[in-house]
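These notes are about the structure you will find just below.
The values are calculated or read from the model by the stated rules, or taken from the named source; none is laboratory data. Note that the coordinates shown come from a computational prediction; the quantities given were computed from them, not determined experimentally. Cβ: placed from backbone, ideal geometry, glycine included. Neighbour counts: every protein chain shown. Note: accessible area is taken over every heavy atom of the protein model, side chains too, but ligands, DNA and RNA are not part of it. Shrake-Rupley method; radii C 1.70, N 1.55, O 1.52, S 1.80 Å.
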Amino acid sequence: AVPAGGKDCLFQLAEQLDPASAPAIRFDCGTEDFLLEENREFAAHLRGLGIPHEYEEFPGGHEFEYWDVHVREAIEFHKKQLTIL
């Protein structure tokens, strides 16, 4: 079920994007994270809208040990995207 509601709903905000000019999007989730299904649903929503993005899953949960590694990857992704501009 796709969540709906509120001005900050990512599902609704994604629907307002033009796929050709959408910002670089990358996110990941741990396979033991309680938000795994929501992340999978959001990735599927973006695919359905034709919005380019990167989504990956890695072992781990919703905890610092996971974020300590994967936030660095997200920063590198966005740093690379910003140097393209």
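Criterion first (open to solvent by 60 Å² or more (accessible area, probe 1.4 Å), touching a Leu at 6+ places or on another chain (Cβ under 9 Å) and either part of a helix (DSSP H, G or I) or in contact (Cβ under 8 Å) with a residue 24 or more places away in the chain (or both)) does residue 78 satisfy it? For residue 78, the condition - open to solvent by 60 Å² or more (accessible area, probe 1.4 Å), touching a Leu at 6+ places or on another chain (Cβ under 9 Å) and either part of a helix (DSSP H, G or I) or in contact (Cβ under 8 Å) with a residue 24 or more places away in the chain (or both) - is not met.
Give the residue that is farthest from residue 83 (Cα to Cα), with candidates limited to residues of segment 20-39 that are loosely packed, with under 15 Cβ neighbours inside 10 Å and of a type in the set (Gly, Ala, Ser).
Here is the first cut: in segment 20-39, the residues loosely packed, with under 15 Cβ neighbours inside 10 Å are 20-21, 23-24, 31-32, 34-35, 37.
Next cut, of a type in the set (Gly, Ala, Ser) only: 20-21, 24.
Values: 20: 19, 21: 17, 24: 12 Å.
Checking each candidate, the answer is 20.
Whether a residue is under 21 Å from residue 78 (Cα atoms), free of Cβ contacts under 8 Å to residues at least 12 places away in the same chain and of a type outside the set (Gly, Ala, Ser) was assessed, and residue 28 does not pass this test. Is it the case, given these coordinates, that residue 73 is among the charged types (D, E, K, R) and either assigned to a helix (DSSP H, G or I) or touching a Leu at 6+ places or on another chain (Cβ under 8 Å) (or both)? So residue 73 passes the test. Here is a check on your reading of the model: is residue 42 part of a helix (DSSP H, G or I), of a type in the set (A, V, I, L, M, F, W, C), open to solvent by less than 80 Å² (accessible area, probe 1.4 Å) and modelled with pLDDT of 95 or more? When the stated conditions are applied, residue 42 passes them.
Within segment 55-74, the set of residues being under 11 Å from the mean Cα position of the chain (by Cα) and exposed (fewer than 14 other Cβ atoms within 10 Å of the Cβ) comprises 56 only.
Quick check on this structure: which one of 55, 66 is of a type in the set (Ser, Thr, Tyr) and not in a helix (DSSP H, G or I)? Reasoning before the result, please.
Values: 66 fails: not in a helix (DSSP H, G or I).
None of the other options fit; the residue is 55.
Only residues that are under 12 Å from the mean Cα position of the chain (by Cα) and among the aliphatic types (A, V, I, L, M) were counted across segment 5-34, and they come to 4.
Any residue at all in segment 7-23 that is hydroxyl-bearing (Ser, Thr, Tyr), part of a helix (DSSP H, G or I) and out of contact with any Leu (no Cβ under 6 Å at 6 or more places or on another chain)? Yes. Residue pairs whose Cβ atoms lie under 9 Å apart, separated by 6 or more positions or on different chains, with the first residue in segment 1-13 and over 21 Å from residue 47 (Cβ atoms) and open to solvent by 80 Å² or more (accessible area, probe 1.4 Å) and the second of a type in the set (A, V, I, L, M, F, W, C) and at pLDDT 90 or above, are 7/13.
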